[in-house]
């Protein structure tokens, strides 16, 4: 749970780099109001999160993270693509970031996403439609 909170905070900071300040001084020709941050090699990036398969407790693939919804500088929802095959018939659902456990598996050397639900429950969930 702490890892998810850290990832959520990191994603929020990545989405709003002007708020990710670690220093109030700048060097070179950067504007005086520009702030910079140091990123460590073990941080999660949204580019790694998007497209990640989500598995359930039975190790079955139940969906794919297709997008992030950000509100008030924080990740408000993960948009999952469920039920489709080869991009056809996809159904999108918005789930709370706290319901998806994202962790790094050092043995497999990769990030994993798990959720305690079934594919059928996600298919039956209210459909998310992008605002126009």
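The values are calculated or read from the model by the stated rules, or taken from the named source; none is laboratory data. These numbers come from a predicted model, not from an experiment. Quick reminder, even Gly has a Cβ in these numbers, built from the backbone with ideal geometry, and neighbours come from all protein chains shown.
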* To do: Go through 10, 40, 23, 47 for me and flag whichever is more than 17 Å from the chain's Cα centre (by Cα), closer than 23 Å to residue 109 by Cβ and at pLDDT below 90.
  => 40
* Look at region 38-47 and say how many of its residues are out of contact with any helix residue (DSSP H, G or I) (no Cβ under 6 Å at 6 or more places or on another chain) and surrounded by 10 or more Cβ atoms within 10 Å (Cβ to Cβ). => 2
* Selection within region 85-101 - under 16 Å from residue 130 (Cβ atoms) and modelled with pLDDT of 95 or more -> 93, 94, 95
* Asked: Of all residues in region 66-75, how many are in a strand (DSSP E or B) and without any contact (Cβ under 8 Å) to a residue 40 or more places away in the chain?
  -> 4
* Structure fact -> Of the residues in region 95-132, those that are assigned to a helix (DSSP H, G or I), touching a helix residue (DSSP H, G or I) at 6+ places or on another chain (Cβ under 8 Å) and loosely packed, with under 13 Cβ neighbours inside 10 Å come to 98
* Asked: For residue 71, all conditions in the list (1) in contact with a helix residue (DSSP H, G or I) (Cβ under 9 Å, 6 or more places away or on another chain); (2) loosely packed, with under 10 Cβ neighbours inside 10 Å; (3) under 19 Å from residue 130 (Cβ atoms) hold save one; what is the number of the exception?
  -> (1)
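Okay, residues lined up against (1) modelled with pLDDT of 60 or more; (2) touching a helix residue (DSSP H, G or I) at 6+ places or on another chain (Cβ under 8 Å); (3) assigned to a strand (DSSP E or B):
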site	(1), (2), (3)
27	no, no, no
36	yes, no, no
77	yes, yes, yes
81	yes, no, yes
